[in-house]
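Here the structure comes first, spelled out in structure tokens, and everything after it is commentary.
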Amino acid sequence: MSVHLLGIRHHGPGSSRHVLNALSEIQPDVVLIEGPPEGEAMLSWATHADMQPPVALLGYVPDNPQQAVFYPFTLHSPEWNAILYALRNQVPVRFIDMPLAHGFAIEWQETASNIDTSEFTEQVRKNPISYLAEIAEFDDPEEWWEHRFEIVQQPYEVFEAIAESMTALRQALPERNDRRGGDRRGSDRRGSDRREEIREAFMRKSIRIAQKEGFERIAVVCGAWHVPALMHLPKQKEDDLLLKNLPKTKVESTWIPWTNDRMAFESGYGAGVESPGWYMHHWQHPDDHGTLWLSHTAHVFRANHVDISSAHIIEAVRLAGALAGLRGLSRPGLKELNEATVAVMCMGEPLLMKVIYRELIVGKAFGQIPEGTPQVPLQRNLEALAKRFRIKIIPEQKTLKLDLREENDLQKSILLHRLQLLDINWGTMEAVSGKGTFKEEWTLRWYPELTINLLEKAPWGNTVDEAAAKYLENKAKKCARLDEITPLVQTAIPADLPTALGAVMRKMDELAATTSDISMLMDAFTPLAQVSRYGNVRRTDRESIDLIMTTIFYRIIAGLPAGCTGIDDEQAAEMTQKIREVNQAIQMLEKQELTEAWTTTLRTIFHSDRTAPFIQGYSCKALYDSRLLEMDSTFNAFAKALSPNNEPSASANWLEGFLNDAATVLILDDVIWDVVNDWLQSLDDATFLQVVPLLRRTFANFSNVEKRKIAGRARQGKSGTSSPQTIDIDPQRAAQVLPILELLMGIK
Amino acid sequence: MAQNILRQAAEAQFAQEIEEIKKQDKHTRPENWLLSPHAVVTYLMGGKLGNGFDVSPKYIGNRRLMEIAVATLTTDRALLLYGLPGTAKSWVSEHISAAISGDSGLVIQGTAGTGEDSVRYGWNYAQLLSAGPVPEAIVETPVMRGMKEGKIVRVEELTRIGSDVQDSLITILSEKMLPIPELNTKVMAVRGFNMIATANNRDKGVNDLSSALKRRFNTVILPVPETIEEEVEIVQQRVASFSKSIDLPVEKPILEEINRIVTVFRELRNGVSTDGKTKLKSPSGTLSTAEAISVMNSGLSLAYHFGDASLKADDLASGLIGAIIKDPVQDKIVFQEYMETVLKQRDGWKDIYRACREII
Ligand SMILES: Nc1ncnc2c1ncn2[C@@H]1O[C@H](COP(=O)(O)OP(=O)(O)OP(=O)(O)O)[C@@H](O)[C@H]1O
Ligand SMILES: [Mg+2]
């Protein structure tokens, strides 16, 4: 009976090659692999014809899918190759790591004493073979394999050597970092230490079980770091003690497609690999000394409009070979190939390598899993929908242009909106020019992690439709303030969720009734008006929306005049902004009843002496704009508001409210021009001097071009078209005003 | 070679090093190479030999760049050293030639006036008139000699040479052959022949290389020193060898001054003070390491010949200002700002500040 410990570097093609050699030499009758036992049931899928790495085994807690872990595998992962070997040779294969059921349930305490295990130790532990390669002065740990084990006779000699080095490493490392020299078995060791210990105890336990079952040749494939812990099995009792009464939680697992650029992530198997594309190449073409790789490189450059000839490739292959020779390597590694590429193809400029890095060194490969792999219903529904709409769920960026008048496109849009609502941001909507058009443009890109969000929402329903509706209803139910629920309306409409929308509306009504905050009500009103006017909603929905919109509207006008009193300048400016929005919404709605009520309210605000001057100025302007105020009254209002008896700051605010953003009005509207002009002329010198600073403040907001135009008009005096009255002008006196006007406008 | 020569060629100055390296060299040598590629890199980067002999570093920086440069010359592609002024392109080119061919003297100095006859071959017209086109009437160029003797030929400032003359290099580099139609013969390059050209980033566009010529070169860009430590080391080394060559005694505080000069250069180059707190404008010049070296060297000579032989801020100021202020108006403003916001405020730098103040 023999146990063969094959210590590997996760995802390392060198490890893979040696593992495969060793396996065919050992001819094991059981293969034990460092992996979560919960995934075992999924292993048989690995040999399915449609299974295309990179893929990941995903383990998650169904009640809380954010607790999840990925075990990525790609073509050159040693674990993957060991699994395939076992399945193809009908040898039982088992995952022997700590069950995720415990891993998720135990609270691993990160105690404060983390000087215990330094970052350095962590690094070495995660990737000990990289560390060995580093001491041997190799940049790439995979090169190190080749170099170090070129001459071994027996495949498993490699792993004996690895085991020895690991034993030495494990002995040396703790001392190196135990600065306090205390007893490392003390109770305050880090959570990660304890975790490692329990994991290794589990692995030993599985080895013992295999032995007891009578397997003769047991092959264990695990991260090199663990080998020493599995070499000599301690008394079973010790391990049992360690594994007693561990808490548990429910765990499920499934396969999901993975991508090369995510192979670099640290998940499941600790450190990722930075150049999966290069390793894949290395794995598939072990004899390539650079010719093939550099041809691919040239190809990518050409696709990106960089001129590369075959001669370039030849020269780069030569230089890479020469560099390898100079550095005593048996063949060029990625570094040499990159350097040759830069020197020969890029004029020494490494910037161009970015595209090679993205497309080749990392690579754009993404995996695929067979149809029928166990999935949660929500996941299955999404795939069915995607299939029906012929959109591929792939990690590639794609633009989708939709014309919402087409039923099919409309359905796609609804699906994407529902997913957004569920925080599954597969698609992001791009701004399309022109409001109210029927066009939508989406950028689609699937990320493997979105699966987690999907699993997280799985409890809400078995279909996207159902899950989105329930999720939204629940969200609405939890809203405690009007401003929380307002945004939900806009997400609910395009997602076409009538029942959920009903729930949102009811809740909105409820919250509006208890809200005394006018500005919050106004915030709620505007989007509702938008939806009512333009929203693509069913008639029944529109009725209910209109009903609530109207209710909210009357709540607003009931409280608004009072809301415009007793507030400071800043609040007044904010309030004005909101009133302006409501004003626009009312005009857009074209509902006579609402318009009349609104006008009355504006008048009330305008006439009330207690209204904040800024708002009063604005309401004057709004009424004038709607032709509800005669020129005379406007003039009077001006005179009154700006009369020298008032507080200067109040006058300034009034004027600002009136002219806010309205330079164009002043330039183009003869009536307003004349009102301002007449009013200015009516001032006696002393008063004029008093109001100059106020005016400056208002005009300061205008752009230089606007100021120049206004000054131009001022030079011409009265508009001459609008007003029938004529005023006797004394040109000489008038001219005297001009310099001051110029000063006022900031022209001089 | 005579001892009183101002600046010896690299192969003469480092003859002993080359000799020692050669003795220890166990790697195979390409034909007509004095040393193996491996040994050439050792010569460039320095290090201890098997017998304990210390080789001084010539290039201070990334070893990989030197490996790429040397490896290039083993594949019969020519080498183009490219980069900002003063990044040791010429220096590296000279030392590589010295270590490979034992001769760094086959040089063409590229200028706008460089004609084809200084690249290919010229004629001795007296001979030509009296004897007609005979081999004796040919005036050999460094290129021709390099081809015949299997040596490295250097072309300095390649991009300053006119495009048509540049193009005459294409045949030489790809065919390894130089036809002489007048004699109905040709010179065939002997193994070991190759070319190192240098060109300057800032001159880009002057006579940009044609793509046909580009394809004959592998390009290595020499960067400005990454860290202040590296840069100080470079300056220190060159200053030390300069002092030796003009018999100047090297004083202790020199290292401190080097540190200050390099700091000033780096701060102005990077547009920010070392502590990262003060944003600075950069002057128009490149402020290369090479200029830092010459500021130090001229300071040392001043101190030696006109001062009391100990280096003072006054000795450095004029060189410093000369290196920084290339544009009398703009650069002056830049430097004045720097003086007020950085030099003046820094503890222990008042002497430099005052010395500069006096000149500006
Ligand atoms: N990295 C470095 N290592 C060693 N010496 C350096 C380094 N950088 C600059 N130098 C020194 O700078 C000096 C000038 O370098 P060199 O004349 O070779 O510059 P260059 O790149 O050819 O500039 P140009 O483009 O102006 O011709 C040399 O004396 C060299 O010793
Ligand atoms: Mg030069």
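The values are calculated or read from the model by the stated rules, or taken from the named source; none is laboratory data. In this text, all values refer to a predicted model and were calculated from it rather than measured experimentally. For neighbour counting, all protein chains shown are included, and Cβ atoms are generated from backbone atoms with ideal geometry for every residue, glycine included. Note: areas computed on protein heavy atoms with side chains; ligands, DNA, RNA excluded. Shrake-Rupley method; radii C 1.70, N 1.55, O 1.52, S 1.80 Å.
What's the angle, to the nearest 10 degrees (0 to 90), between helix B:350-359's Cα axis and the longest principal axis of chain B?
70 degrees
Less than 12 Å from a label point 7 Å out along the Cα-to-Cβ axis of residue A:310: which backbone N atoms in region B:171-210 qualify, by residue?
Under 12 Å, as judged by backbone N against the label point of residue A:310, lies no residue of region B:171-210.
Quick check on region A:409-505: take the gyration tensor over C-alpha atoms, sort the square-rooted eigenvalues as a ≥ b ≥ c, and tell me if it's rounded (a/c under 1.5), prolate or oblate.
oblate
GNM on chain B, C-alpha springs below 10 Å: top fluctuator among B:185, B:114, B:87?
Between B:185, B:114, B:87, it is B:185 that shows the largest mean-square fluctuation.
Taking Cα atoms, how many degrees apart are the long axis of helix B:63-74 and the longest axis of chain B, rounded to 10 and kept between 0 and 90?
Between the helix axis and the principal axis of chain B, the angle is about 10 degrees.
How far apart, in nanometres, would the label points at residue B:359 and residue A:403 be if each is projected 7 angstrom from Cα along the Cα-to-Cβ direction?
Label-label distance for residue B:359 and residue A:403, simple model: 7.4 nm.
Tell me which residues come under 5 Å, amide H to amide H, from residue A:55 once H is placed; ignore anything under 5 positions away on its chain.
Long-range HN contacts for residue A:55: A:73, A:258.
List the GluC sites (Glu not before Pro) within region B:1-82 that DSSP assigns to loop and that have no more than 14 neighbouring Cβ atoms inside 10 Å.
Answer by residue number: B:31.
Return the ratio Rg/(2.2 N^0.38 Å) for region A:377-460, where Rg is computed over Cα atoms only.
In units of the globular-protein estimate, region A:377-460 measures up at 1.08.
Hey, got the dipole for region A:489-608? About the Cα centre, +1 on K and R Cβ, -1 on D and E Cβ, debye to the nearest 20?
With only Lys, Arg, Asp and Glu charged at Cβ, the dipole is about 380 debye.
Heavy atoms only, 1.4 Å probe, whole protein assembly: order B:125, A:554 by accessible area, highest first. Mind showing how you got there, number by number?
Numbers: B:125 145, A:554 85 Å².
Output order, biggest surface exposure first: B:125, A:554.
Take region B:251-332, compute every pairwise Cα distance, and split them into 10 Å bins from 0; I just need the percent in each bin.
The percentages, shortest bin first, are 18, 47, 29, 6.
Whenever you get a sec, line up A:422, A:628 from highest to lowest accessible area (probe 1.4 Å, protein heavy atoms).
A:628, A:422
Lysines near residue A:478 by alpha-carbon distance under 27 Å, same-chain residues fewer than 8 away left out - which ones?
Candidates past the 8-residue exclusion: A:457, A:470, A:507, A:578.
Give me the dipole magnitude in Debye, nearest 20, for chain A about the Cα centre, with unit charges on the beta carbon: positive for Lys and Arg, negative for Asp and Glu. Write down the numbers at each step before the final one.
On the way: 81 positive and 101 negative charges, 147 e Å.
Charge dipole, chain A, about its Cα centre: 700 debye, nearest 20.
For an R0 of 41 angstrom, estimate the FRET efficiency from the Cβ-Cβ distance between residue A:604 and residue A:716 and round to the nearest 0.05.
Details: r = 38 Å, r/R0 = 0.93.
The computed FRET efficiency comes out at 0.60.
So, with +1 on the Cβ of K and R and -1 on the Cβ of D and E, and no other charges, what is the size of the charge dipole of region A:372-476 about its Cα centre, to the nearest 20 debye?
So the magnitude is around 160 debye.
Relative contact order, percent, of region A:287-363 when contacts are C-alpha pairs under 8 Å separated by at least 6 residues?
32 percent
Which value, in Å² rounded to 10, gives the accessible area of residue B:91 with a 1.4 Å probe and all protein chains present?
The accessible area of residue B:91 comes to roughly 50 Å².
Rank B:100, B:138, B:258 by mean-square fluctuation in a GNM of chain B with C-alpha springs under 10 angstrom and give only the top-ranked residue.
B:138
So, in nm, how far is label residue A:571 from label residue B:208 when the simple model puts each one 7 Å beyond its Cα toward the Cβ?
That separation, rounded to one decimal, is 6.4 nm.
Rolling a 1.4 angstrom probe over the protein chains, ignoring ligands and nucleic acids, what is the accessible area of residue A:307 in square angstrom, nearest 10?
Taking all protein chains as shown, residue A:307 has close to 140 Å².
Treating cross-link reach as a plain straight distance, find the aspartates and glutamates whose alpha-carbon is under 13 Å from the alpha-carbon of residue B:151, omitting any fewer than eight places away in the same chain.
The reachable aspartates and glutamates, counting only those whose Cα sits under 13 Å from residue B:151, are B:31, B:76, B:94, B:103.
Could you give me the radius of gyration and the Dmax of the protein assembly as shown, taking only the C-alpha atoms into account and expressing both in angstrom?
40.8, 121
If you fit an axis through the alpha-carbon atoms of helix A:464-478 and take the longest principal axis of the Cα set of chain A, what angle between them do you get, 0 to 90°, nearest 10?
60 degrees
Could you compute how much accessible surface residue A:259 exposes when probed at 1.4 Å, giving the result in Å² to the nearest 10?
Its accessible surface works out to 10 Å², give or take rounding.
Cα centroids of region A:388-458 and region B:276-334: how far apart, whole angstrom?
One Cα centre to the other: 62 Å.
How much mean residue ellipticity at 222 nm does chain A get from its helices, if each DSSP H run of length 4 or more adds -39500 (n - 2.57) and you divide by all residues, to the nearest 500 deg cm²/dmol?
Computed mean residue ellipticity for chain A: -18000 deg cm²/dmol.
Which whole-number percent is the relative contact order of region B:1-113 (Cα, under 8 Å, 6+ apart)? If you can, show how the numbers build up before the last one.
Numbers: 113 pairs, mean separation 30.8, N = 113.
Dividing the mean separation by the residue count of region B:1-113 yields 27 percent.
Over chain A, what relative contact order in percent results from Cα pairs under 8 Å that are six or more residues apart?
11 percent
Would you mind pulling out the separation of the Cα centroids of region B:34-53 and region B:139-158, in Å?
Here the answer is 25 Å between Cα centres.
Taking all protein chains as present, what is the carbon and sulfur share of the accessible area of chain A, in % to the nearest whole number, probe 1.4 Å? Provide the component values of the computation, followed by the final result.
Values: 17790 of 35850 Å².
Exposed carbon and sulfur together represent 50 percent of the surface.
Which of the trypsin sites (Lys or Arg not before Pro) across region A:194-292 are loop residues per DSSP, with 16 or fewer other Cβ within 10 Å?
A:235, A:244, A:248, A:250
Per residue, how large is the accessible surface of region B:10-221? Use a 1.4 angstrom probe and give square angstrom.
Result: 41 Å² of accessible area for each residue.
Run lengths n ≥ 4 of DSSP H only: what is the helix-derived mean residue ellipticity at 222 nm for chain B, with -39500 (n - 2.57) per run over all residues, to the nearest 500? Kindly include the intermediate steps, with their values, before the conclusion.
Working: 16 runs with 168 residues, N = 360.
When only DSSP H runs of four or more count, the value is -14000 deg cm²/dmol.
Only protein chains counted, 1.4 angstrom probe. Which residues of region B:69-106 are at least 30 Å² less accessible in the assembly than when their chain is isolated?
B:71, B:75, B:77
Quick one: ranking B:306, A:688 by accessible area, 1.4 Å probe, largest first, what do you get? Walk me through the numbers on the way to the answer.
Details: B:306 170, A:688 30 Å².
From most accessible down to least: B:306, A:688.
Of A:256, A:641, A:502, which is farthest on the positive side of the dipole of chain A, counting Cα position, with +1 on Lys and Arg Cβ, -1 on Asp and Glu Cβ, and the Cα centre as origin?
A:502
Viscosity 1.306 mPa s, temperature 10 °C: give me the Stokes-Einstein translational D for region A:349-404 in µm²/s, with Rh taken as the Kirkwood radius over C-alpha pairs.
Calculated translational D: 109 µm²/s.
Evaluate the distance, in nm, between pseudo-label points positioned 7 Å from the Cα of residue B:49 and of residue B:171 along their respective Cα→Cβ axes.
Placing both labels 7 Å along Cα→Cβ, they lie 4.3 nm apart.
Any lysines with Cα under 19 Å of the residue B:344 Cα? List them, leaving off those in the same chain fewer than 8 positions away.
Qualifying lysines at Cα under 19 Å: B:277, B:279, B:281, B:312, B:332.
Relative to 2.2 N^0.38 Å, what does the C-alpha radius of gyration of region B:10-221 come to as a ratio? Two decimals please.
Working: Rg = 17.9 Å, N = 212, 2.2 N^0.38 = 16.8 Å.
So the Cα radius of gyration is 1.06 times the expected 2.2 N^0.38 Å.
Which residues of region B:24-65 end up with at least 50 Å² less accessible area in the presence of all protein chains than when their chain stands alone, using a 1.4 Å probe?
Correct list: B:64.
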